[in-house]
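> Next up is a structure, given as structure tokens.
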Amino acid sequence: MKKPTRGPAVAQPTIEDLRQPLAALMRATLLDTVIAAGTLEAARMLESQRTALCGPRNSQAEGREAYRHGSCDGSLVLGGRRVTMKRPRVRSVDGRELELPAWAEWSREDPLDERALQQMVLGVSTRRYASSLETLPVPLRERGKSRSAVSRRFVRGTQRQLAELMRRDLSEVSMVALMIDGIHFEDHVVLAALAIDETGRKHVLGLQEGATENARACKSLLEDLQSRGLRTDRTILAVLDGAKALRKAVKDVFGTRVLIQRCQEHKKRNVADQLPESMRPSARRAMNEAYESSDPKRALRLLENLGARLQQEHPGAAASLQEGLDETTVVTLGLPRRLQLSLRTTNPIDNLFGSVRRVSRRVKRWKGGNMMLRWCATAVLDAATRFRRIKGAVEMPRLIAALKAHEGTLDQEDAVA
């Protein structure tokens, strides 16, 4: 007997093949159930509170203090947008509108400003905000998710964060080291100040907008910090790039009690920019050897030898190297190696500016200095939530002792004078 012809073999679904669509179905069903049940529970709670004030429906309770007054459309926040819900109305016997406690609590704060801030920090544009929200499974009228609405909320939220940052009390910050640098936006610059306290923790102190990174803008920033309680009457370590304006402003505010540490990475880049490509590796190696030395005299001698070699053919590079050559404070303080690595460059504040660039990369057109400050404040405060102590923080007592020793020397000199 001839066997019947069989069709092509069909692969049987595996357990994993069945699990994936089942998981998606369960998720959608759970979302539908939770939102639908929550909406019904909210309506039940509102009606229960109205019954507590007015008594059962159609009852003629004596001595009641309120009565039902129908309902009207209201809006509450749900899932990153506003949804329209029926709000039961209650009036007192003398005609005053009474607010139900549940509705008052749900509408007391508007979390949409915070939601807009979070989405923008994550890189969601105002155009794509609506598509980033979960689709509501129940038929509710939605609003507050348009591009203009999200933009208005973002402006409000960033303005509030900027105001909080610029009003923050700094009297409790036990600053040991200070870093100041600027980030450029078109023809503006925003200066930022970052403090490192006695435990090695970092604190964003404030921002200042200016047309250039000049001494006036820098001094204005420091004076604002001083007015908010930051102590400027004791010795600190200031880690700066090569900008003369920053150095002058710090010296004007802190006086002789401040020790200046030039950022070694900035110094290496400044020298390399003045040299041809073929000479840059050897110059970097020579500078690295000097900066790695634990002997301040040897480090200075190596840098001076490099400057002498460059003087004849590349005087610009030599001048850049010799400018501020003696400001190798971290080496002279005799700090442990790990702590030196943290304090010899402005990398901590450069990393902070990296967060600013990431958050603001979608901005196509800047509308003035206030907008720049708002975006900077939002980015640095977001970055501050992930701050860690600097490397070598356990050795901070060594730095504190070195700064106090320098301060004692200055006090003795003042007494003699």
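> Search the structure for amide H atoms under 5 Å from the amide H of Leu98, placed 1.01 Å from N in the peptide plane, and list their residues when 5 or more places away or on another chain.
Val90, Arg91, Ser92
> Between Ser171 and Glu407, 0.36 nm times their residue separation minus their Cα-Cα distance comes to what?
Going from the current span to full extension adds 82.9 nm.
> In the chain, what percentage of the DSSP-assigned beta bridges are antiparallel, given to the nearest 5?
Roughly 80 percent of the DSSP beta bridges within the chain come out antiparallel.
> Let me have the 222 nm mean residue ellipticity of the chain computed from DSSP H runs of 4+ only, each contributing -39500 (n - 2.57), with the sum over all residues rounded to the nearest 500.
After summing the helix terms and dividing by the residues of the chain, the value is -16000 deg cm²/dmol.
> Mind giving me the FRET efficiency for Asn288 and Arg365? R0 is 51 Å, r the Cβ-Cβ distance, nearest 0.05 is fine.
Here the calculated transfer efficiency is 0.75.
> Moving on. Cut-off is 10 Å between beta-carbons; in what order do Cys72, Cys218 appear when sorted fewest neighbours first?
Numbers: Cys72 9, Cys218 26.
Starting with the residue having the fewest Cβ neighbours, the order is Cys72, Cys218.
> Between Glu164 and Thr51, what is the FRET efficiency for a Förster distance of 45 Å, r being their Cβ-Cβ separation, to the nearest 0.05? List each step's numbers first, then the result.
Numbers: r = 42 Å, r/R0 = 0.94.
Taking R0 as 45 Å, the efficiency between Glu164 and Thr51 is 0.60.
> Mind telling me which of Gly206, Gly80, Gly316 comes out most flexible in a GNM of the chain, alpha-carbon contacts under 10 Å?
So, out of Gly206, Gly80, Gly316, the one fluctuating most is Gly316.
> Run the simple label-point estimate for Arg301 and Arg338 please: 7 Å along Cα→C-beta, distance reported in nm.
Here the modelled spin labels are 3.1 nm apart.
> What are the residues whose amide H is under 5 Å from the amide H of Ser75, where those residues sit 5 or more places off or on another chain and H is modelled from the backbone?
Met85
> Amide H of Val176: which non-local residues (sequence gap of 5 or more, or other chain) have their own amide H closer than 5 Å, using H built in the peptide plane?
Amide H neighbours of Val176, under 5 Å, 5+ apart: Ile196, Asp197, Glu198.
> On full extension of the chain, what length is gained from Val155 through Arg389, given 0.36 nm per residue of separation minus the C-alpha to C-alpha distance?
Roughly 81.1 nm would be gained on extension.
> Can you spot the aspartates and glutamates whose alpha carbon is less than 19 Å from Lys367's alpha carbon? Ignore those fewer than 8 places along the same chain.
Partners within reach: Glu186, Asp187, Glu209.
> I've got another one for you. Would you mind getting me the FRET efficiency between Ala37 and Asp73? Use the beta-carbon distance for r and R0 = 22 Å, nearest 0.05.
The calculated FRET efficiency here is 0.50.
> Express in whole angstrom the spacing between the alpha-carbon centres of segment 207-246 and segment 259-336.
Segment 207-246 and segment 259-336 have Cα centres separated by 25 Å.
> For segment 298-363, which GluC sites (Glu not before Pro) are both in a DSSP coil and crowded by at most 12 other Cβ atoms within 10 Å?
Sites meeting the loop and neighbour criteria: Glu313.
> Which value, in debye to the nearest 20, describes the size of the charge dipole of the chain about its Cα centre when Lys and Arg Cβ atoms bear +1, Asp and Glu Cβ atoms bear -1, and nothing else is charged?
Taking the Cα centre of the chain as origin, the dipole is about 2000 debye.
> Filter the cross-link list Lys267/Lys404; Lys244/Lys268; Lys251/Lys297 down to pairs whose alpha-carbon distance in this structure exceeds 22 Å.
Lys267/Lys404; Lys251/Lys297
> If you work out mean projected area of the Cα convex hull in nm² from the coordinates, which of [x] 20.0; [y] 24.0; [z] 41.8 do you get?
Calculated mean projected area of the Cα convex hull in nm²: the matching label is [z].
> Sticking with this structure for a sec: Using a 7 Å offset from the Cα along the Cα-to-Cβ direction at both Arg89 and Ser132, what is the distance between the two label points in nm, to one decimal?
Here the answer is 3.8 nm between the modelled labels.
Here, each number is a calculation from the coordinates, and none is a lab measurement. Just so we're clear, the structure is a prediction, and the values are computed from it rather than from any experiment. With ideal geometry, Cβ positions are generated from the backbone for all residues, glycine too; neighbour counts draw on all protein chains shown.
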